[in-house]
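The values are calculated or read from the model by the stated rules, or taken from the named source; none is laboratory data. None of the values given here were measured: they were computed from a predicted structure. Neighbour counts run over all protein chains shown; Cβ positions are idealised from the backbone, glycine included.
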């Protein structure tokens, strides 16, 4: 793994490289972006790139982490305290609103990387899985708290409910992207909400 910079200038350079690589990969796809492309986009030389990253695979895994940060950042505030159905519905509404602002373009940035990278090697697959784990984590924690308060049945699995919800989000984002229609995500989330309703305590 490349060195993590200790100076402000070094951190700025590493960030510039990561932003350039992330932007190019989002636009072209992983296999159509070379280190030379990243160097030109970031305005750095090969020695600088290798100072912070141990080659292309290390850079790509850092892009996965950066992409995950961006996905979570775009939901800032919406992932806080997902420990009620009302809070989860606000999160769902926020996800649809985000797609409306984006013109239903782009899909899920992490999901788009999965299709390109999940079978490349175990370390890269694990980085992708970690991104989804970070995204799903607040929902799992919120559902567990609901269960502890007696609001969800004791015989349901918070993890399974969260997995089903994330699957609905991914499917909804895929259809939203290909059909350019944010209502595709809304319908998928409506189905996820129905599944959560079945877990409510009587």
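Does residue 64 fit the bill of being crowded, with 19+ Cβ neighbours inside 10 Å and under 19 Å from residue 167 (Cα atoms)? Give the steps one after another, and end with the answer.
On the way: crowded, with 19+ Cβ neighbours inside 10 Å: yes; under 19 Å from residue 167 (Cα atoms): no.
No: the conditions fail for residue 64.
Return yes when residue 136 is on the phi < 0 side of the Ramachandran plot, in contact (Cβ under 8 Å) with a residue 12 or more places away in the chain and either under 13 Å from the mean Cα position of the chain (by Cα) or surrounded by fewer than 18 Cβ atoms within 10 Å (Cβ to Cβ) (or both) and no when it is not. Give the steps one after another, and end with the answer.
Values: on the phi < 0 side of the Ramachandran plot: yes; in contact (Cβ under 8 Å) with a residue 12 or more places away in the chain: yes; either under 13 Å from the mean Cα position of the chain (by Cα) or surrounded by fewer than 18 Cβ atoms within 10 Å (Cβ to Cβ) (or both): yes.
It is true that residue 136 is on the phi < 0 side of the Ramachandran plot, in contact (Cβ under 8 Å) with a residue 12 or more places away in the chain and either under 13 Å from the mean Cα position of the chain (by Cα) or surrounded by fewer than 18 Cβ atoms within 10 Å (Cβ to Cβ) (or both).
Can you name every residue in the stretch 139-149 that is within 12 Å of residue 79 (Cα to Cα) and crowded, with 17+ Cβ neighbours inside 10 Å? I'd like the intermediate steps shown before the answer.
The first filter runs over the stretch 139-149 and keeps only residues within 12 Å of residue 79 (Cα to Cα), leaving 139-142.
Within the stretch 139-149, 139, 140, 142 qualify.
Does at least one position in the stretch 143-157 carry a residue that is more than 18 Å from residue 84 (Cβ to Cβ), at pLDDT 95 or above, out of contact with any strand residue (DSSP E or B) (no Cβ under 8 Å at 6 or more places or on another chain) and in a helix (DSSP H, G or I)?
no
May I ask you to list the residues in the stretch 49-61 that are outside any helix (DSSP H, G or I) and without any contact (Cβ under 8 Å) to a residue 40 or more places away in the chain?
Going through the stretch 49-61, the residues outside any helix (DSSP H, G or I) turn out to be 53-55.
Matches in the stretch 49-61: 55 only.
Filter the stretch 27-37 for residues that are buried (at least 17 other Cβ atoms within 10 Å of the Cβ) and in a helix (DSSP H, G or I) and give the result. Talk me through it step by step, then tell me what you get.
The initial filter retains those residues of the stretch 27-37 that are buried (at least 17 other Cβ atoms within 10 Å of the Cβ), namely 30, 33.
30, the sole residue that qualifies.
Among the numbered criteria (1) under 25 Å from residue 162 (Cβ atoms); (2) assigned to a helix (DSSP H, G or I); (3) touching a residue at least 60 places away in the same chain (Cβ under 8 Å), which single criterion is violated by residue 83?
(2)
Being closer than 13 Å to residue 172 by Cα and surrounded by 14 or more Cβ atoms within 10 Å (Cβ to Cβ) is the filter here, so list the residues in the stretch 101-122 that pass it. Reasoning before the result, please.
Of the stretch 101-122, the ones closer than 13 Å to residue 172 by Cα are 104-108, 111.
104, 106, 107, 108, 111 - these are the residues of the stretch 101-122 that are closer than 13 Å to residue 172 by Cα and surrounded by 14 or more Cβ atoms within 10 Å (Cβ to Cβ).
Which one of 47, 84, 154 is surrounded by fewer than 16 Cβ atoms within 10 Å (Cβ to Cβ), over 20 Å from residue 175 (Cβ atoms) and out of contact with any helix residue (DSSP H, G or I) (no Cβ under 8 Å at 6 or more places or on another chain)?
Working: 84 fails: out of contact with any helix residue (DSSP H, G or I) (no Cβ under 8 Å at 6 or more places or on another chain); 154 fails: out of contact with any helix residue (DSSP H, G or I) (no Cβ under 8 Å at 6 or more places or on another chain).
Criteria check complete, one pass: 47.
Counting just the residues of the stretch 1-26 that are exposed (fewer than 11 other Cβ atoms within 10 Å of the Cβ) and assigned to a loop (DSSP other than H, G, I, E, B), which one comes out modelled with the lowest pLDDT?
Of everything passing the filter in the stretch 1-26, 1 is modelled with the lowest pLDDT.
So, in the stretch 38-48, exactly how many residues are assigned to a helix (DSSP H, G or I) and modelled with pLDDT of 95 or more?
Summing the residues that are assigned to a helix (DSSP H, G or I) and modelled with pLDDT of 95 or more in the stretch 38-48 gives 5.
Taking the stretch 28-47 on its own, how many of its residues are within 20 Å of residue 120 (Cα to Cα) and without any contact (Cβ under 8 Å) to a residue 40 or more places away in the chain?
5
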